[in-house]
1. What nm value, rounded to one decimal, do you get for the distance between Gln40 and Ile3 when each label is placed 7 Å out toward the C-beta?
2. What distance in nm separates the simple spin-label points at Ala50 and Thr157, each placed 7 Å from Cα in the Cβ direction?
3. Sorted by mean Cβ packing within 10 Å, highest first, what order do the peptides 174-184, 151-161 take?
4. Would you kindly give the portion of the calculated P(r) for region 98-161 that falls above 17 Å, as a percent of all Cα pairs?
5. Local charge sum around Asp87 (other residues, Cβ-Cβ under 15 Å, Lys/Arg +1, Asp/Glu -1)?
6. For the Cα atoms of the chain, what angle does the longest principal axis make with the long axis of helix 69-83, in degrees from 0 to 90, nearest 10?
7. Using the structure shown, list the pairs from Lys117/Lys230; Lys82/Lys176; Lys53/Lys176; Lys117/Lys225; Lys53/Lys82; Lys105/Lys225 with a Cα-Cα distance above 26 Å, or answer none.
8. With the chain treated as a Gaussian network of Cα nodes joined by springs under 10 Å, which of Gly187, Gly95, Gly220 yields the largest mean-square fluctuation?
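Every read-out reported here was derived from the displayed coordinates using simple, explicitly stated rules and does not represent laboratory data. Since we're looking at a predicted model, the values are computed, not measured. Cβ placement follows ideal geometry from the backbone for every residue including glycine, while neighbour counts extend to all protein chains displayed.
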Amino acid sequence: MEIFSIKDKVIVVTGGTGVLGGSFVNALAANGAKVILIGQNESIGMERVAALKEKGQEAFFVPANVLLEADLMKAKNTIVEKYGRIDGLVNGAGGNMPEGILSPKEDVFTMNIEGMKKTMELNVWGTVLPVQVFGPEIAKTGAGSIVNISSVNAKRTVTRGLGYSMGKAAIDLYTKWFAVEMANRYGDAVRINSIMPGFFLTKQNKNLLTNEDGTLTERGGLIIKNTPFKRFGQPEELIGALIWLLSDASKFVTGMDIGVDGGFTINSGV
């Protein structure tokens with residue numbers, strides 16, 4: 001249906017060199033969008049762009065650190081110069097960090113506060129800053145869309161990753177707050193929503209959830225036990241929600257958090 005089309009939309013994806021970000025980029029390009037990958041790993045970024053161009057799809061890599069406003073401003077100027085506009089933004093940059101994890105043997109009162117801060121900073125300001133920089137251009141289109149990435153960690157207590165959980169909880173509030181503020185100033189010209197993934201295997205959490213031989217760690221087993229579908233999510237399973245939120249099919253949707261979690265957050269365990 002045409003209402004779900006994102007063809008020819010210029011969409012920026014931060015974290016475009018990551019696992020979930022790569023899935024976002026591939027799907028958006030396959031559906032006809034002009035995709036701009038934002039990331040710090042230039043070799044991966046250029047490799048992904050080349051692979052998409054071989055398929056006849058349009059993609060462009062711009063190196064930038066989402067925590068540096070100057071980098072993002074430079075990226076915005078490059079994109080606008082090339083395409084003349086920005087229709088959408090997917091804030092895929094984020095995730096957990098080793099220094100933000102409380103180990104089972106570590107005293108809760110001596111946890112790595114700086115590590116927690118660093119993790120929270122990436123997930124909060126790594127989302128807010130791209131919105132601040134790319135948002136004005138998106139609003140100019142009159143039908144722009146911004147998609148943040150939340151997490152089930154913001155909805156239920158998940159042990160050990162305090163910095164990540166606080167960061168994603170902040171994103172939940174930010175998405176709602178910013179949706180109202182933008183609507184008050186721009187009407188329906190730009191909307192902002194979030195996707196709440198359940199547990200997906202990424203570079204950041206793979207060692208926490210699986211052993212070297214591919215079997216589940218104790219933590220991984222607990223997650224599967226508490227996920228009604230009894231498996232981890234596949235990156236492509238986030239795509240339906242993503243395309244819906246970026247397309248005109250969701251024009252009256254803003255400030256919402258769309259769960260894609262295999263039932264994790266609704267499960268009482270009984």
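1. For the pair Gln40/Ile3, the computed spacing is 4.2 nm.
2. According to this spin-label approximation, the distance is 5.0 nm.
3. Numbers: 174-184: 16.6, 151-161: 18.5.
Result, highest mean first: 151-161, 174-184.
4. Working: 1147 of 2016 pairs.
Summing the P(r) of region 98-161 above 17 Å gives 57 percent of all pairs.
5. Values: positive: Lys7, Lys9, Lys34, Lys76, Lys82, Arg85, Lys140, Arg191, Lys251; negative: Asp8, Glu58, Glu137, Asp188, Asp248.
Result for the local shell: +4.
6. Roughly 40 degrees, rounded to the nearest 10.
7. Working: Lys117/Lys230 32 Å; Lys82/Lys176 32 Å; Lys53/Lys176 36 Å; Lys117/Lys225 30 Å; Lys53/Lys82 16 Å; Lys105/Lys225 23 Å.
Going by Cα-Cα distance, Lys117/Lys230; Lys82/Lys176; Lys53/Lys176; Lys117/Lys225 fall outside the 26 Å limit.
8. Gly187
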